[in-house]
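Have a look at the structure below before the remarks.
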Amino acid sequence: TLRKGKGDDTKPKPAQKVTILLEERLEDGTVVVEKREVSFTINEGEALPAVDMTVCLMCLDEVALVESDARFAYAEPGLPPTIPPNSRMQFEIELLKVEPAETAFDQTVEEFTIKLEKRRQEGNSLFKHGNYQRAVIIYQKIISRLESVGLTKGFSDEKEKQLVVPLKISSLNNFAAACLHVEMYKEAVESCDKVVAMDPDNSKAHFRKAKALASLGQLEESIVSFQQAQRLEPKDTVTN
């Protein structure tokens, strides 16, 4: 702690939005990201794990310096050319503001799904850059939010179905793809099963389930899923 804050009762809680002043440095103290304001929701995968976990322990107006292993920062890929792969990092953090948690019921269905779709795209970007573990966390949070408010069960109108179901299917498929890269094969199978329950002809879900089952040594079941994927998309030569 570089400066004490206002007291334990000002510590942020999960799902609350915080605003911090953040400076990022390499292990040797070289500044790689200048000090700037950053806002994010606690425990939603919106910030680097080291930053998220540290802010949870901070009081309002506190300033802290935390050193982090690569796995809680930019992980194996890093952020070239600024941050090399597997870099240990230093984060100087000042907690500026804590806001009440926002629930799904404070938003319209459109606002709710637009926000989660934006998060899904952030997960996709992490996936494309090889940061599979952080992508997994983001997809998990999106799926949890969709399921926690009951929007995926007993829709009140057709509009909600049109907005929420496609987002859930996409997020579950993305989650399964990321799980395959971090050897979470059982979770990948479960995710694919949820997709198929909503969309039986989803070829990506069948193909990813086949890959996960093969990795689990369940070869006969894997062949069945692969054949189903091929039946649905016979022209596909590559599915990831």
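Helix-derived [θ] at 222 nm for the chain: sum -39500 (n - 2.57) over DSSP H runs of at least 4, divide by residue count, nearest 500? Show your work: numbers first, answer last.
Values: 7 runs with 110 residues, N = 240.
Mean residue ellipticity at 222 nm (helix-derived): -15000 deg cm²/dmol.
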Exercise. Considering the dipole of the chain built from charges on the beta carbon (Lys and Arg +1, Asp and Glu -1) around the Cα centre, which of ASN131, VAL18, ALA64 is farthest to its positive end?
Worked result: ASN131
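Could you give the length gained by full extension between LYS118 and GLN230, i.e. 0.36 nm per residue of separation minus their alpha carbon distance, to one decimal place?
Values: separation 112, 0.36 × 112 = 40.32 nm, distance 3.11 nm.
Once the chain is fully extended between LYS118 and GLN230, it gains 37.2 nm.
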Exercise. Rounded if a/c is under 1.5, else prolate if a/b beats b/c, else oblate: with a ≥ b ≥ c from the C-alpha gyration tensor eigenvalues square-rooted, which is segment 48-141?
Worked result: oblate
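So which trypsin sites (Lys or Arg not before Pro) in segment 5-71 are both in a DSSP loop and have at most 12 other Cβ atoms within 10 Å of their Cβ? Don't jump to the answer; show the numbers that get you there.
Details: sites: LYS6, LYS17, ARG25, LYS35, ARG36, ARG71; in loops: LYS6.
Here the trypsin sites (Lys or Arg not before Pro) that fit, given the DSSP loop and packing criteria, are LYS6.
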Exercise. Roughly how many nanometres apart are two label points built 7 Å out from the Cα toward the Cβ at GLU147 and LYS6?
Worked result: 3.7
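For segment 22-77, which GluC sites (Glu not before Pro) are in a loop by DSSP, counting at most 15 other Cβ atoms within 10 Å? Walk me through the intermediate numbers first.
Details: sites: GLU23, GLU24, GLU27, GLU34, GLU37, GLU44, GLU46, GLU62, GLU67; in loops: GLU27, GLU44, GLU46, GLU62.
Filter output for segment 22-77: GLU27.
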For this session: Give the accessible surface of the chain per residue, rounded to a whole number of Å², with probe radius 1.4 Å and ligands, DNA and RNA excluded.
Result: 54
Problem set entry | Exceeding the 20 Å Cα-Cα cut-off - candidates LYS13/LYS97; LYS168/LYS209; LYS35/LYS97; LYS11/LYS141; LYS115/LYS168; LYS115/LYS209 | LYS11/LYS141; LYS115/LYS209
Exercise. What is the helix-to-structure angle for 132-148, meaning the angle in degrees between its Cα long axis and the longest Cα principal axis of the chain, kept from 0 to 90 and rounded to the nearest 10?
Worked result: 80
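The values are calculated or read from the model by the stated rules, or taken from the named source; none is laboratory data. None of the values given here were measured: they were computed from a predicted structure. Note that we place each Cβ from the backbone using ideal geometry, even for glycine, and neighbour counts take in every protein chain shown. SASA here: full protein model, heavy atoms, side chains in, ligands and nucleic acids out. Shrake-Rupley method; radii C 1.70, N 1.55, O 1.52, S 1.80 Å.
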